[in-house]
Amino acid sequence: MSRNKFTGLGVALITPFTSEGAVDYTALRRLLDYQISNGIDFLCILATTGETPCLNAEEKQNIIDIVKEKVQGRNIPILLGMGGNNTAAVIETIKNTNFKGIDGILSVCPYYNKPSQEGLYQHFKAIAEASPVPVVLYNVPGRVGVNMTAETTLRLARDCENIVAVKEASGNFTQIDDIIKNKPADFDVISGDDGITFPLITLGAAGVISVIGNALPKEFSRMVRLALNGDYQNALTIHHKFTELFKLLFVDGNPAGVKAMLSSMGLIENELRLPLVPARITTMGEISAIVKELNIKC
């Protein structure tokens with residue numbers, strides 16, 4: 001039996017901003033209500049899609065408090081982004097964090113300093129030993145500059161009881177399948193890419209930490225559940241329905257695409273913090289046309 005609570009559709013929560021550049025807490029509450037009422041399974045907060053490097057400590061705490069308030073009394077686990085490229089600093093942050101209401105941490109591979117596989121192993125082993133809550137590894141070589149191999153992931157899965165899953169965003173099917181094939185029974189693989197969630201679930205993945213789930217929680221959670229239940233034909237129909245949208249949401253970077261979509265749906269302002277900028281006008285027009293075609297109701 002898996003030790004991992006983070007299965008099904010997890011939403012990589014965006015951070016809405018006002019036109020003046022402040023965090024839009026009203027829009028955040030509205031967005032959370034929309035997602036929760038449309039069937040999400042868990043929330044991943046203060047990670048890449050949330051523009052976390054551009055938030056200050058007070059804003060981060062306010063977001064945590066609002067998310068906790070919204071999920072109170074509901075069976076919606078909270079996965080908190082908590083990683084970095086300084087192992088000691090990450091451990092210090094863990095020690096100084098109040099984990100009441102937090103169900104786990106998502107910890108990204110160290111970026112910029114490009115550690116070896118042994119360095120990755122020792123980094124995550126130290127984090128797992130320090131964390132009072134379960135740890136989900138996050139392998140995203142396109143962002144951090146280093147790929148955590150299947151061998152390293154499996155070694156951590158076997159050696160560290162507190163490491164319960166990996167969010168795999170390498171896009172390397174051979175590598176991901178290797179992890180799924182050889183992992184311990186109580187360790188899960190979570191898709192880190194919306195566009196390949198369906199095929200990864202057919203291989204044995206347990207769900208997704210999704211960007212598109214911000215805007216389409218009802219539709220995407222249905223696809224995920226159908227696939228997890230083995231109804232691949234109906235799941236594939238929904239997957240194909242969103243193929244073009246998957247591309248559009250990332251053509252100008254994340255979260256620019258999904259923020260353009262949420263803006264066209266009237267849920268948030270189309271604002272990002274530098275160094276990120278909104279999607280191009282042409283991309284926004286194409287996204288708006290798909291939103292209209294899909295007849296999405298908020």
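Bear in mind these aren't lab numbers, they're just calculated from the coordinates by the rules spelled out. This one's a predicted model, so the numbers in the text were calculated from it and none came from an experiment. Glycine gets a Cβ as well: all are built from the backbone with ideal geometry, and neighbour counts include every protein chain shown.
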*Counting only C-alpha contacts under 8 Å and six or more residues apart, can you give the relative contact order of the range 1-105 as a whole percent?*
29
*asked:* Given the DSSP H assignment, sum -39500 (n - 2.57) over each helix run of at least 4 residues in the chain and divide by its residue total; what's the result at 222 nm in deg cm²/dmol, nearest 500?
replied: -13500 deg cm²/dmol
_Can you tell me what share of the DSSP beta bridges in the chain is antiparallel? A percent to the nearest 5 is fine._
5
*To the nearest 0.05, what FRET efficiency results for Arg143 and Arg280 with a Förster distance of 30 Å applied to their C-beta separation?*
0.90
_Please rank Glu69, Glu51, Glu151, fewest neighbouring Cβ atoms within 10 Å first, as an exposure proxy._
Glu69, Glu151, Glu51
*Output the peptides 182-188, 227-233 sorted from most to least packed, where packing is the average of other Cβ atoms within 10 Å over each peptide's residues.*
182-188, 227-233
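So what's the convex hull volume per residue for the Cα atoms of the range 180-266, in Å³?
96
Assuming 1.306 mPa s and 10 °C, estimate D for the range 85-192 with Stokes-Einstein, Rh taken as the Kirkwood radius over Cα pairs, in µm²/s.
115
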*Translational diffusion coefficient, Stokes-Einstein: compute it for the range 1-44 using the Kirkwood radius over C-alpha pairs as Rh, at 25 °C and 0.890 mPa s, and state it as an integer in µm² s⁻¹.*
206
*With helices defined as uninterrupted DSSP H runs, which ones in the chain have an alpha carbon span along their own long axis of at least 15 Å and mean Kyte-Doolittle hydropathy of at least 0.5?*
281-294
*Gap in Å between the Cα centre of the range 110-155 and the Cα centre of the range 220-264?*
27
_Can you give the longest run of the chain that contains no trypsin sites (Lys or Arg not before Pro) sitting in a DSSP loop with at most 11 other Cβ atoms inside 10 Å?_
101-296
*the range 196-280, relative contact order in percent, only Cα pairs under 8 angstrom and at least six apart counted*: 23
*Hey, rough spin-label estimate for Glu129 and Leu294, points 7 angstrom out along Cα→Cβ, what's it come to in nanometres?*
4.5
*In what order do Ser210, Ser221, Ser116 fall by count of nearby beta-carbon atoms within 10 Å, going from fewest to most?*
Ser116, Ser221, Ser210
_Quick check: net charge around Val23, other residues with Cβ under 14 Å of its Cβ, Lys/Arg +1 and Asp/Glu -1?_
-3
